[in-house]
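The values are calculated or read from the model by the stated rules, or taken from the named source; none is laboratory data. None of these values were measured; they are calculated from a predicted model. Counting neighbours? That spans all protein chains shown, and the Cβs are built from the backbone with ideal geometry, glycine included. Heavy atoms of the whole protein, side chains included, go into the accessibility calculation; ligands, DNA and RNA do not. Shrake-Rupley method; radii C 1.70, N 1.55, O 1.52, S 1.80 Å.
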Amino acid sequence: MLNGYSVDTGLEYADKLLNRGGMMSMAETVLLVFIVFVIAGILQKTGFLEVLLQPMIEKIGNSRTKLVGATFITSYFANAFSSSMMFTSVFVGTVMSPLYKEFKLKPENLSRIIEDTATLGGPLIPWNSNAIFCSQTLGVSPFDFIPYCFLSWITPIISFTYGVTGFSMKKYTDEELNEIRELEVADSI
């Protein structure tokens with residue numbers, strides 16, 4: 001379980017599937033996610049995120065379109081800066097979640113936008129780990145396959161259209177928001 005399982009079934013594809021690296025092969029990914037959560041927690045508890053969000057909140061105002069646009073920009077910049085889709089997903093979720101709550105938008109809206117921009121945007125940034133993986137798998141330069149990443153280009157356009165029109169943007173009711181606030185108060189006690 002720790003270092004991986006080894007079996008010889010005589011079937012090449014079954015052996016590839018069954019012979020893996022165990023928990024140690026996943027340690028890098030688990031550690032990265034853990035560190036991202038630690039950093040996000042520190043930034044949130046020290047109030048740094050509030051300072052970071054304040055100028056963004058002022059520019060967004062009451063516009064859902066600007067909120068969705070700000071989420072897009074944050075996702076793509078975080079993806080370019082960190083070169084990691086996992087870091088971007090956690091970071092953008094942590095940073096933007098309070099804003100979506102202010103707009104009475106349910107978390108699944110933010111989750112969809114993160115998926116459409118952070119996850120699918122990774123292969124579009126040539127130095128991102130996702131693009132490097134695709135490049136090595138295909139045996140070509142990232143610049144050779146990026147024009148063919150149709151899903152990565154089309155999905156954000158559709159997602160932004162949803163944000164602008166409000167189509168499929170699920171909102172909290174006032175009762176649901178009151179329940180959430182009561183739970184947050186109970187958790188802080």
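Table for the structure above
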quantity: Residue within segment 88-99 that is open to solvent by less than 20 Å² (accessible area, probe 1.4 Å), among the hydroxyl-bearing types (Ser, Thr, Tyr) and within 20 Å of Phe160 (Cβ to Cβ) present; calculated: yes
quantity: Hits in segment 7-18 - residues which are open to solvent by less than 100 Å² (accessible area, probe 1.4 Å) and of a type outside the set (D, E, K, R); calculated: Val7, Thr9, Gly10, Ala14, Leu18
quantity: Selection within segment 42-55 - open to solvent by 40 Å² or more (accessible area, probe 1.4 Å) and outside any helix (DSSP H, G or I); calculated: Thr46
quantity: Yes/no for Gly122 being open to solvent by less than 60 Å² (accessible area, probe 1.4 Å) and closer than 25 Å to Pro55 by Cα; calculated: no
quantity: Which numbered condition Lys104 misses (of (1) in contact with a helix residue (DSSP H, G or I) (Cβ under 7 Å, 6 or more places away or on another chain); (2) at negative phi); calculated: (2)
quantity: Residues satisfying the stated conditions in segment 171-189, i.e. β-branched (Val, Ile, Thr) and in contact with a Lys or Arg (Cβ under 9 Å, 6 or more places away or on another chain); calculated: Thr173, Ile180
quantity: Phe103 vs. criteria at pLDDT 90 or above, open to solvent by 20 Å² or more (accessible area, probe 1.4 Å), aromatic (Phe, Trp, Tyr) and over 12 Å from the mean Cα position of the chain (by Cα); calculated: yes
quantity: Filter result for the condition that a residue is among the small types (Gly, Ala, Ser) and in contact with a Lys or Arg (Cβ under 8 Å, 6 or more places away or on another chain), over Ala70, Ala40; calculated: Ala70
quantity: Condition check for Glu58: among the charged types (D, E, K, R), within 28 Å of Ser168 (Cβ to Cβ) and open to solvent by 90 Å² or more (accessible area, probe 1.4 Å); calculated: yes
quantity: Spans of helices (runs of 4 or more DSSP H) in segment 65-156 with at least 3 residues farther than 22 Å from Lys171 by Cβ and among the small types (Gly, Ala, Ser); calculated: 129-138
quantity: Neighbours by Cβ (under 8 Å, 6+ apart or cross-chain): first from segment 30-59, closer than 14 Å to Met96 by Cα and among the β-branched types (Val, Ile, Thr); second open to solvent by less than 60 Å² (accessible area, probe 1.4 Å) and part of a helix (DSSP H, G or I); calculated: Ile57/Leu99
quantity: Flag for Thr165 being of a type in the set (Ser, Thr, Tyr), surrounded by 13 or more Cβ atoms within 10 Å (Cβ to Cβ) and either in contact with a His (Cβ under 8 Å, 6 or more places away or on another chain) or modelled with pLDDT of 95 or more (or both); calculated: no
